[in-house]
Structures are given as structure tokens and as C-alpha cells.
1. Among the residues of the stretch 30-52, is there at least one that is closer than 24 Å to LYS121 by Cα and exposed (fewer than 13 other Cβ atoms within 10 Å of the Cβ)?
2. Checking ASN26 against (1) out of contact with any strand residue (DSSP E or B) (no Cβ under 6 Å at 6 or more places or on another chain); (2) in contact (Cβ under 8 Å) with a residue 24 or more places away in the chain; (3) closer than 23 Å to THR110 by Cβ: exactly one of these is not met. Which one?
3. What is the one condition in (1) within 12 Å of the chain's Cα centre (by Cα); (2) part of a loop (DSSP other than H, G, I, E, B); (3) not acidic (Asp, Glu) that ILE46 does not satisfy?
4. For the stretch 1-22, name all the residues that are closer than 21 Å to TRP91 by Cβ, modelled with pLDDT of 95 or more and assigned to a strand (DSSP E or B).
5. Would you check if LEU109 is touching a residue at least 12 places away in the same chain (Cβ under 8 Å), among the aliphatic types (A, V, I, L, M) and closer than 15 Å to ALA8 by Cα?
6. Among the candidates LYS18, LYS54, LYS4, single out the residue that is touching a helix residue (DSSP H, G or I) at 6+ places or on another chain (Cβ under 9 Å), at negative phi and not aliphatic (A, V, I, L, M).
7. Could you tell me whether any residue of the stretch 57-65 is within 12 Å of the chain's Cα centre (by Cα), in a helix (DSSP H, G or I), closer than 20 Å to LYS121 by Cβ and in contact (Cβ under 8 Å) with a residue 12 or more places away in the chain?
8. Show the residue pairs meeting these rules: Cβ distance below 6 Å; 6+ apart or different chains; first residue within the stretch 112-128 and closer than 10 Å to MET62 by Cβ and part of a loop (DSSP other than H, G, I, E, B); second residue at pLDDT below 90 and of a type outside the set (A, V, I, L, M, F, W, C).
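The values are calculated or read from the model by the stated rules, or taken from the named source; none is laboratory data. The shown structure was predicted, so the numbers you read here are calculated from the model rather than taken from an experiment. Every residue, glycine among them, receives a Cβ derived from its backbone with ideal geometry; neighbour counts consider all protein chains shown.
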Amino acid sequence: MRAKLYAAIYNPRMGNYKHFALYLKNGEEDTIYEAIGDWPNFEHNIIVNSSPLKTTRFLAMMLVGEINQAEVPTVKRILEQARVDNETVHWNCQDVVVENADEIVNDCLTTDDDDWTGKNKGRDQLMQHYGPM
């Protein structure tokens, strides 16, 4: 069985930017990877055994891609070690999602890039929500 990686969009907790996170669905294992906080104090947050669908703030999900089980540890490592940029003033949770999803697809860790950059255009759909509301 393949795992699935999604980009999730939420209404903001505060401010005027929609919140983005990456959601890894691996069988019964659900994990959300996100950057939380404000500049210059962003930090990683990993929520295990949770789904974006469990919050009233949830808006939408775009499939980044399916991941073979052999690649799941590599994807998890990338997400756990994702760069949090507290130097760049306008960097936020949206950037970490786009940067990491692009890296995972570009490194051929998904089974097909059609979900993210190809015919299904998940990246284009996500970018419609990028930036201030």
C-alpha cells in the first residue's frame, strides 16, 4: 500500500494568511508537519495521529503524490528536518509547504509528478491560496 502526501489549507489561527501544512497519510498513521508561530520565531510542529479533517479550520487538501513504502522514511526525514527560515521577513508556513513538496516531487520520491506539477495541477491549485487573503 502506498502512502499519500497532501498539502492542507486551513483558515488562519491569526493574521491574514491561510495556514498551510503537509499531511502524510500512511495506512492508519496520520501525521501533520507544519511551521507555526510568527516571524522571527517560527518553529516546527509535528502532530501525530491527527488529520486535517479533524479541525473546523480545515479548508482543502491537494494531493502532492503517492509514495512507495520504501520511500516513506526518506520523506519523513525531509519533513522532520525541514528548514524553518527565521531570517527572511516574509517567509511563513506557506513557504515551507511549497518548498518541501517541490523537493519531494523533484527528488522523485512520489510515484508520479502528475498530481503536483502535471495534469492534476495540485501545486497550481495550492498557489491560488498563497499569500495574504
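1. So far as the stretch 30-52 goes, no, none of its residues is closer than 24 Å to LYS121 by Cα and exposed (fewer than 13 other Cβ atoms within 10 Å of the Cβ).
2. (1)
3. Failing condition for ILE46: (2).
4. ALA7, ALA8, ILE9, TYR10, HIS19, PHE20, ALA21, LEU22
5. So LEU109 does not fit the description; no.
6. After applying the criteria, what remains is LYS18.
7. There is no residue in the stretch 57-65 that is within 12 Å of the chain's Cα centre (by Cα), in a helix (DSSP H, G or I), closer than 20 Å to LYS121 by Cβ and in contact (Cβ under 8 Å) with a residue 12 or more places away in the chain.
8. ASN120/ASP114
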